[in-house]
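I have placed the structure first, in the form of structure tokens, so that the comments after it can refer back to it.
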Amino acid sequence: MSLIRAAELAGLIDDPNLRIADVRWSLAAPTAGHEAYAGAHLPGAVFVDVDTVLTARTGPGRHPLPEPATFVAALAALGIGREHRIVAYDDAGGTVAARLWWMLDALGHPRASVLDGGIGAWTAEGLSLVGGVPAFDAAAPWTDLPRAWPRTVSRGELAARLGSLILLDARAPERYRGEIEPIDPVAGHSPTAVSAPTGTFLAPDGRFLAPGTLAARFAALGGGGTPAAAGGALPVVVHCGSGVNACQLALAMRAAGLPDPLLYPGSYSNWSRAGMPIATGNDPGDPPLRTS
């Protein structure tokens, strides 16, 4: 399952094949997650840093995907391997933990999931947090890794297909509309993108909505239905500011029983820095005119 409840995870806590990843992180305070981990975390959890483990030093956008081999080697050094059941959590509605889930899932890991409701759901159940850092032996190396990430789309590929797919934007509505832009060079959104902020898919307690409700939310955005290859809905691409939070939309689609979307890893940070066309306001906008 892509999501796991706190009570179920508590029942697995002594399983030697379980690995829990604390992926707390904030755009406004990138080191705050590690500081929170140092204060208290789930029993047995190791800290997985967004900026060093889940991100390459260079590449398209602010948080480019690392090479698959580099990524799994960094996890192996933390004691996390293909043989383990991996549960990621954050304190932000799965918007960060889903990045680790997506990367593992895209590489074919069979048992990766996100703690539904994050650390808040754990403590709400009366379950304890601990200090210290667990010591695990390095995990065995992974084999048969792809050279490139599957289920992704580049800026050029996306630009060529605007108007023939559903492009979902996971950023806050005010950033989508272009009213504010705290970090990227131009305010607004990619033409044809539909606003789909991450909170759309969460209940007030921070857990994901029921599968049927999630499916209905995506259908309202144009992203529901059967795969395009089967003659159904248009393919879906998810993006955000830098390719992190968009993974929460992919997780929500999986929980809803919908086909997996493509991820635009560079997202709006890559799009806006390349001088691509920008739309503003609530309207998605039209595909840019193509020149021959």
| Dipole magnitude of the chain about its Cα centre, charges +1 at Lys/Arg Cβ and -1 at Asp/Glu Cβ only, in debye to the nearest 20? | 680 debye
| task | May I ask for the angle, rounded to the nearest 10°, between helix 97-106 and the longest principal axis of the chain, with both axes built from Cα atoms and the value confined to 0 to 90°? | result | 80 degrees
| said: If I fit a long axis through the Cα atoms of helix 68-77 and take the longest principal axis of the Cα atoms of the chain, what angle between them do I get, 0 to 90°, rounded to 10? | reply: 20 degrees
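Can you pull the percent of the chain's accessible area that's carbon plus sulfur, 1.4 Å probe, other chains left in place?
Values: 6770 of 12350 Å².
The C+S portion of the solvent-accessible surface of the chain is 55 percent.
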| query | Summing -39500 (n - 2.57) over the DSSP H runs of n ≥ 4 in the chain and dividing by its residue number, what mean residue ellipticity at 222 nm do you reach, to the nearest 500 deg cm²/dmol? | reply | -7500 deg cm²/dmol
| field | Spin-label zone in segment 144-173 - amide nitrogen under 15 Å from a point set 7 Å from the Cα of T58 along the C-beta vector | value | none
| query | Each residue of segment 283-289 in turn: what ³J(HN,Hα) in whole Hz from Karplus with 6.51, -1.76, 1.60 and θ = phi - 60°, glycine and Pro shown as x? | reply | 7, x, x, 9, x, x, 5
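Kirkwood hydrodynamic radius of segment 164-292 from all distinct Cα pairs, in Å? Intermediate results must be reported in sequence, preceding the final value.
On the way: mean 1/r = 0.0673 Å⁻¹.
Computed over segment 164-292, the radius equals 14.9 Å.
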| query | Where does the longest stretch of the chain lie that holds no trypsin sites (Lys or Arg not before Pro) found in a DSSP loop with 10 or fewer other Cβ atoms within 10 Å? | reply | 148-289
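If the chain between V186 and A203 were fully stretched, how many nm would it gain, using 0.36 nm times the residue separation less the Cα-Cα distance? Intermediate values should be presented prior to the final figure.
Values: separation 17, 0.36 × 17 = 6.12 nm, distance 3.16 nm.
Computed gain between V186 and A203 is 3.0 nm.
Per residue, how much accessible area does the chain show when a 1.4 Å probe rolls over the protein heavy atoms, in square angstrom?
Details: 12350 Å² over 292 residues.
Per residue, the chain has an accessible area of 42 Å².
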| remark: Between F47 and residues 5 or more places away or on another chain, the pairs with built amide H atoms under 5 Å apart involve D22
| Which ³J(HN,Hα) values in Hz, rounded to whole numbers, follow from the phi angles of segment 28-40 under the Karplus curve 6.51 cos²θ - 1.76 cosθ + 1.60, where θ = phi - 60° and Gly and Pro get x? | 6, 9, x, 8, 5, x, 5, 5, 5, 4, 4, x, 5
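The values are calculated or read from the model by the stated rules, or taken from the named source; none is laboratory data. Quick caveat: nothing in here was measured; it's all calculated off a predicted structure. Here the Cβ is made from the backbone with ideal geometry for all residues, glycine too, and neighbour counts use every protein chain on show. To get the accessible areas, we keep the full protein, side chains included, count just its heavy atoms, and leave off ligands, DNA and RNA. Shrake-Rupley method; radii C 1.70, N 1.55, O 1.52, S 1.80 Å.
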